[in-house]
Every structure is written in structure tokens, then in C-alpha cells.
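The values are calculated or read from the model by the stated rules, or taken from the named source; none is laboratory data. This structure is a prediction, so every number in the text was calculated from the model and none was measured. Because the Cβ atoms are built from the backbone with ideal geometry, glycine has one as well, and the counts that use them run over all protein chains shown. All accessible areas refer to the heavy atoms of the entire protein, side chains included, with ligands and DNA or RNA removed. Shrake-Rupley method; radii C 1.70, N 1.55, O 1.52, S 1.80 Å.
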Amino acid sequence: MNVRRVVIVGHNVRNVAESARKAGYEVFAITKYVDADLKLYAKAKKVESVRNKEIARIVDGIAEDLNAKVVLASGCEDLPVRSEVLGTNPKVARSITNKLKFYRTLEKAGIPFPEIINDPPCILKPIRGGGGLGVHLIKDKADPPDGYLCQRYVRGLPCSVSLLAIDSRDIKPVTVNRILVGWEKMNVRDFVYCGNLTPLILSKDRRDMLIRTAIDVAELFDVVGSVGVDFILADKPYVLELNPRFQGSLDSIEWSCDINLFYLHVKACEGKNFEIAKPRRFACRAILFSDRRIYVRSNLTGNAFFADIPNVGETIEKEEPVISILASSKSEKEVFSKILKRKALFYKLTL
């Protein structure tokens, strides 16, 4: 029997591991967060940092022992592994995850993005990294510290386009998604990422413009498999970043479209054609952050309303991510209503 195995490495990999396991793979995960439900889908090794210099060596050793391919997830897009990567080559990813290099490529191609300026109001953000961490609105003129850049502040709607790339000449749109940031009901503010809603309903013209721009961006790089382009949608789409790996919208896309994204990712990486189902319902993954110090007393593993479930006995500090809340419905309004009801249920079950 030919057993298919993958080693998934990243900051938080539960969603990718779940999709891979449901696609029929044996999964080994290397991650900072070994959540209770990750253990349902993978054997896992906890590490304090996925950016440690030794991580690539550890990944290669495990991949060799298991005869497995490697999937580079969030925070590890450019990890210099020697193993066969199921997805975008980390050398390619390196030119994407460095935002200064990425924006220079967009500028040469004439693709709009918030200009790099120091004049307020502007956004201060890390040159590397994502999730809205370390991102601040600057109202006074100042030079960015080392490792940061400043961009023009564009007021608009945060959104993304998920794509599947067979190669740079054959890229298929999957969904257009709303990006949830600074949602106070999830105990976050400002630019902190806290989930996705799929699909984002727009006029045909605006949707087509987003998709066309996303494909134009992806075509500039030799990306493969599941990738996503983040935007601020204002008078036109302004590109924020290209994620050369699975995105945080994986759960909402799979729930909305009834597809297995890992299966389609593998098809794309193998150069095989495939069909993509259209969204059938609204689906949301919302990330709840802690508004207090929480000691986890209940095991919620197996409850379909929740994912990224903390382990019994863990202590979650204030302002740290606690759990993902999942919901779907035929209406966007009802999805958000369910998210808030399930937030209340989480507190009832755990406090």
C-alpha cells in the first residue's frame, strides 16, 4: 500500500493538517501551537519558534525518515529545507515575504499598492510577517525603525482572493473573501487579523477587478499550489501582500464551497487539471482573543463549532488568541449572529 505522508511546518498549522488528513494523508506537524484538535489529525512536535535556525534541519530529518514531502505554512514560507516541497519553492517565497522586494516588483509591473512614504497618516508595518501584528497607524512624521516600512494609509475594505496555481501561466481563482481585522467582538482592535468570511459579495465589476489583479500579481512569481493575495479595496484594489502558502481563509473556503483545498493544492502542484466548486453558503472562521487570563478547564475537541482548541490545563494570557469559532449560513447576517452566540457558548463551557 502506498502511504502518502506530509510534514507540515508553520506557526499554526491545524487547518492545513486537518485538510491534509481528510484528503487521505498521514500528517506530521512541526508548530508552535499543538492545539487539542491538531492531535486528531497529526502527530505533532512543539517548537518555541518556527524561525529557529535548526528547524530546517529538523524538518529535513523527519521528512527523510518518513519518506514525506514538506508543506511550508504560515511563518515558514521561505524555510530553506532540502526536502521536496509541496508548494511554492522557498527561494521564490523569499522574494515575496520581504515586502520591500515585493513592492518593488509590483511597482515595475504597474500594479497599485499603498505607496511607501513617511508622511502621515501612514501605516507602520514589519518588512516581514503578517496577521496585523506590529502594524500601527502613524499620525506624526517619523522614520521607520530597522525592519519596518511606512505606507500610505488607504481607508477601505480588507479582502483577499484565494488562488490555485498550476504554474505562473495557469492560475485559477477559488474565492473572494472578506478579511476580518480589529473586530472588537473578538477582543481585538486596530489592524489585528481575526478571521475570514467567504464569500465576499461585490458587484461583478469589482469582483472581476480583484480577481484579475490577484492573478496579475501571482503571475509575477513562480508560485505553485494554494496562494492568496490580500487587498484593501477602495477606489480600486490596492495590493497588500501575496501569501505563497495556505491562507487563514482555508476553513471558511472549505465550509463555503464543500471542497478539500489540500486535495486541490496537490493537484495543482502535480500539474493536473481540476474543477473548483462555487460558494454554496456563507462561512466564517473568527479568531477569539482573550479579554482576561483564562485557565482552560473543558475539552471542546469534537465540537464542530470550534477549532484551534486549547488543551485542558493551559493558561491563556490576556490578548492572546484563544480559539477559532466556525459558522455557516445562507445569510451573512446569520453567520455573524452564530459566531457571537458560539462565543458566549465558549465562555459558558470553559469558565
- Message: Against the 2.2 N^0.38 Å scaling, with N counting residues, where does the range 1-105 land? I'd like the Cα-based Rg ratio to two decimal places.
- Response: 1.06
- Which value at 222 nm does the chain reach when only helices count, each DSSP H run of 4 or more adding -39,500 (n - 2.57), with the total divided by all residues and rounded to the nearest 500 deg cm²/dmol? -8000 deg cm²/dmol
- Rounded to the nearest 0.05, FRET efficiency between K108 and M209 (Cβ-Cβ, R0 35 Å) equals 0.95
- Using a basic spin-label model with each label point 7 Å from the Cα along Cα→Cβ, how many nm lie between I127 and R292? 4.3 nm
- Task: Among the lysines, select those whose C-alpha is under 22 Å from the C-alpha of K348, and discard any that sit fewer than 8 residues away in the same chain.
- Result: K185, K318, K338
- Query: Among residues other than R57 whose Cβ falls under 15 Å from its Cβ, what is the net charge (Lys/Arg +1, Asp/Glu -1)?
  - Reply: 0
- Message: Percent of Cα-Cα pairs more than 37 Å apart in the chain, please.
- Response: 14 percent
- Message: Let me make sure I get this right: for the range 68-107, a, b and c are the square roots of the gyration tensor eigenvalues over alpha carbons, sorted descending. Under 1.5 in a/c it's rounded, otherwise prolate if a/b > b/c, else oblate. Which is it?
- Response: prolate
- Message: What is the sum of charges, Lys and Arg at +1 and Asp and Glu at -1, for the other residues whose Cβ falls under 12 Å from the Cβ of V266?
- Response: +3
- Give me the lysines in straight-line cross-link reach of K43: C-alpha distance below 20 Å, same-chain residues under 8 apart excluded. K22, K32, K69
- Message: Suppose we take every Cα in the range 153-292 and form the convex hull; what volume per residue is that in Å³?
- Response: 113 Å³
- Message: For the range 270-344, place one equal point scatterer on every Cα, skip the solvent, and apply the Debye formula. What is log10 of I(q)/I(0) at q = 0.24 Å⁻¹?
- Response: -1.08
- Using Cα centres only, tell me the gap between the range 143-211 and the range 24-88 in whole Å. 26 Å
- Taking all protein chains as present, what is the carbon and sulfur share of the accessible area of the chain, in % to the nearest whole number, probe 1.4 Å? 49 percent
- Query: Order of 200-207, 137-144 by packing, highest average Cβ count within 10 Å first?
  - Reply: 200-207, 137-144
- Task: For the range 90-147, compute the number of Lys pairs whose alpha carbons are separated by less than 17 Å, excluding pairs fewer than 8 positions apart on the same chain.
- Result: 7
- Over the chain, give the accessible area per residue in Å² for a 1.4 Å probe, as an integer. 47 Å²
- Message: Can you compute the FRET efficiency between K185 and D65 using 1/(1 + (r/R0)^6), with r the Cβ-Cβ distance and R0 = 35 Å? Round to the nearest 0.05.
- Response: 0.20
